[in-house]
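Worksheet: the structure to be examined is printed underneath.
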Amino acid sequence: MPGVLGRTYFNTSLTLPSLVEEDPKFTVLPSTKLVCTIGPVSNDVDTLTQMLQTGMSIARFDFSYVDTQLHQTSIDNLRQASKATRTLCATMMDTLGPEIVVTNRPSEPIKLEAGQTVLLTCDSSKQASSSVLPIAYPSLAGTGILPGRSVFVGQYLFTGSESTSAYLTVQQVDSSDMSAVCVVQNSCVLEGVQLTVHIGNMKNTAPILSDSDKQALLQFGKPNRIDFVALSFTRSAQDVKDARAYLDKIGMSEVKIIAKIENMEGLVNYREIMEQCDTMLLSRGSMGNCVDPEKMFLAQKMLLRVGGGWLPAVGKQ
């Protein structure tokens with residue numbers, strides 16, 4: 001059909017409905033992979049079958065919580081579902097790493113009131129309450145914690161809700177570096193599967209693989225031939241090297257390493273981390289406690305732009 005300036009245009013049979021409707025004959029594999037976390041409400045064979053049929057590419061097993069036996073049941077059921085549907089599905093094991101969590105929690109939620117003080121302590125023998133929050137970390141020495149620094153305590157999956165997350169300000173650090181008195185900035189009820197702790201601008205010196213991670217890799221990762229290991233709170237290239245050395249030592253050299261960028265250290269060292277890992281994941285929930293919310297998308301776009309050209313994949317969580 002002749003057009004302006006002598007150009008020729010062609011009639012097309014495409015219509016708006018044909019563009020938005022799903023094409024049942026579409027056979028091109030999607031380049032984006034869908035990672036699904038498998039938990040107690042989704043680990044039965046029927047549910048996993050439906051998840052595979054609707055696009056699950058990778059099954060994630062989170063070892064930040066839940067016992068190994070439940071994860072074993074989940075992966076056994078996944079194999080049954082995969083065989084029944086003739087659908088391949090990769091597996092990912094997510095480590096606890098140097099994550100700091102509240103320990104010795106009571107069965108009931110912990111209520112905090114704005115203006116009160118609460119003791120953040122490394123003494124794991126203390127019982128968690130509205131006045132004391134024991135954390136799984138050996139000592140505050142060398143962490144950079146100082147009066148005026150901010151501390152976030154909240155659910156593992158950060159919802160942004162003021163009612164279930166506590167924002168603390170450090171008032172005083174004990175001379176023994178084992179505890180710090182903090183002022184609660186907002187009234188809240190701390191509850192959920194796990195309470196994670198983020199100390200502002202903290203230098204975390206804990207090993208990249210905790211003792212429980214190493215045990216889980218031996219008892220679960222190796223016998224189940226896991227495809228990916230996600231390193232929580234990766235801070236440097238050395239973290240990736242240390243994890244790779246341990247995986248090689250126990251006979252898991254074929255496993256791909258996903259470096260999870262979840263704190264300021266990891267963000268600052270992202271280039272050296274990229275050179276060592278197989279792929280990278282930006283955890284927006286955790287990073288949101290270290291970076292101003294309005295800057296989060298800038299960090300995300302930066303990693304996608306820089307890493308997208310030479311990493312197999314750069315993900316977001």
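The values are calculated or read from the model by the stated rules, or taken from the named source; none is laboratory data. Keep in mind that this is a model prediction, so the values were computed, not measured. Every residue, glycine among them, receives a Cβ derived from its backbone with ideal geometry; neighbour counts consider all protein chains shown. Accessible surface is based on the protein model in full, side chains and every heavy atom, while ligands, DNA and RNA are left aside. Shrake-Rupley method; radii C 1.70, N 1.55, O 1.52, S 1.80 Å.
Overview of results
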read-out	value
Solution diffusion estimate, µm²/s, Stokes-Einstein, the stretch 78-128, Kirkwood Rh from C-alpha pairs, 4 °C, viscosity 1.567 mPa s	82
Long pairs among K83/K256; K33/K222; K126/K256; K111/K241; K111/K214, criterion Cα-Cα beyond 30 Å	K126/K256; K111/K241; K111/K214
Sequence-distant residues sharing a close amide H with G144 (under 5 Å, placed H)	K203
Added length on full extension, which subtracts the Cα-Cα distance from 0.36 nm per residue, Q185 to E254	20.1 nm
Rough spin-label spacing in nm, given labels placed 7 Å along Cα→Cβ, for S129 and K222	4.4
Residue-averaged [θ]222 nm for the chain, counting only DSSP H segments that reach four residues, each worth -39500 (n - 2.57)	-7000 deg cm²/dmol
Rounded accessible area per residue of the chain, 1.4 Å, Å²	54
Charge dipole (the chain, unit charges on Cβ, about Cα centre) - positive-most of A206, V181, P223	P223
Beta bridge orientation in the chain: antiparallel %, DSSP, nearest 5	50
Packing-based order for 70-79, 137-146, 106-115, using average beta carbon neighbours within 10 Å, highest first	70-79, 137-146, 106-115
Percent accessible area from carbon and sulfur atoms, the stretch 191-277, protein chains only, probe 1.4 Å	46
Where labels lie 7 Å past Cα in the beta-carbon direction, separation of T73 and E113 in nm	4.2
Dipole of the stretch 60-173 [Lys/Arg +1, Asp/Glu -1 at C-beta], most positive-end residue of Q80, M93, I110	Q80
Listed residues A245, A230, A180, most fluctuating in the chain (Gaussian network, C-alpha, under 10 Å)	A245
Euclidean distance of C-alpha centroids, the stretch 121-143 and the stretch 204-261, integer Å	26
Long-range HN-HN contacts of M93 with modeled amide H, under 5 Å	F61, F228, V229, A230
Whole-number percent relative contact order across the chain, with pairs defined as alpha carbons under 8 Å at least 6 apart	14
Nearest-0.05 FRET efficiency for T15 and Q238, computed from C-beta distance (R0 35 Å)	0.05
Diffusion coefficient, µm² s⁻¹, Stokes-Einstein with Kirkwood Rh over alpha-carbon pairs of the stretch 163-317 at 20 °C and 1.002 mPa s	124
Total formal charge among the other residues, if their Cβ is under 13 angstrom from that of M51, Lys/Arg +1 and Asp/Glu -1	-1
Net charge of Cβ neighbours under 10 Å - reference T91; Lys, Arg +1; Asp, Glu -1	+2
Values of log10 I(q)/I(0), in the order q = 0.07, 0.09, 0.11, 0.15 Å⁻¹, for the chain under a Debye, Cα-only, solvent-free model	-0.35, -0.55, -0.77, -1.28
Student exercise, the chain dipole from Lys, Arg, Asp, Glu Cβ charges, in Debye to nearest 20	840
Phi-based couplings in Hz for the stretch 165-174 (Karplus 6.51, -1.76, 1.60; Gly and Pro marked x)	9, 9, 10, 10, 10, 5, 9, 7, 10, 5
Computed label-point distance, nm, for sites A84 and K214 using a 7 Å Cα→Cβ extension	4.0
